[in-house]
1. Treat each spin label as a single point 7 Å out from the Cα along the C-beta direction, and report the Gln14 to Asn33 distance in nm.
2. Quick one: if you stick a label point 7 Å off each Cα along the C-beta vector at Glu146 and Gln162, how many nm between them?
3. Choose one of Asn93, His127, Gly116: the residue whose Cα lies farthest towards the positive end of the charge dipole of segment 79-138 (beta-carbon charges +1 Lys, Arg; -1 Asp, Glu; about the Cα centre).
4. Using only the Cα atoms of segment 73-117, build the gyration tensor, take square roots of its eigenvalues as a ≥ b ≥ c, and label the shape rounded, prolate or oblate: rounded if a/c is under 1.5, else prolate if a/b is larger than b/c, else oblate.
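We did not get these values from a lab; they are worked out from the coordinates using the rules stated. Note that this is a predicted model, so its numbers are computed, not measured. Don't worry about glycine lacking a Cβ; one is built from the backbone with ideal geometry, like all the others, and counts go over all protein chains shown.
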Amino acid sequence: KSGIIANLTAWYVQSAFRAWSGILIAAATQNTNLTYTSLTPNRRSRQFLKALGITDLDGGKVLVPALPYSQTLARPQPEIVFGARAVRPLIGNDQRRILDDHDGCDFLPLFVSDAGGHALIIAKVQHYRDLGPARYSEILYCSDSETLARHIRGITRAVLKQHRTLFLCVGRHL
């Protein structure tokens, strides 16, 4: 399925017009032909979007630690390509738009492929405020959840190595 995606976290209202913020976002989200995302929402923006009747697809998160998984090493491993320049020629126009939307935002794009399919994944290093300087990786977008599920351990190892983080956080909706 393809369509137009609007990320609601990428908007700004000048201070002189902030009293109209609610009306502006309500008007901006009336088009039923668009898919609205909020890829990096904080608690306050999630509450605001919920009050507008926008459904939160995030059903919780799963933490995948950096543990050795010997049984996965015996299985065929996917090809994993990192970085926007290397990923760009491997994806279609719909996914290029998502890649372009994250350009310059300190995200790690990766392309995972095997005989069963392929996926564009957008990951980011996050900081867990309750653990001081502890950092973890989070997958914010995945174009094919079946590919992610098939290779979650290999993807986890690869992303944690690239980011030098302790664990991978994946939304249940992915």
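1. 3.0
2. Label-label distance for Glu146 and Gln162, simple model: 2.3 nm.
3. Final value for the positive-end residue is His127.
4. Taking the square roots of the gyration eigenvalues as a ≥ b ≥ c, segment 73-117 is prolate.
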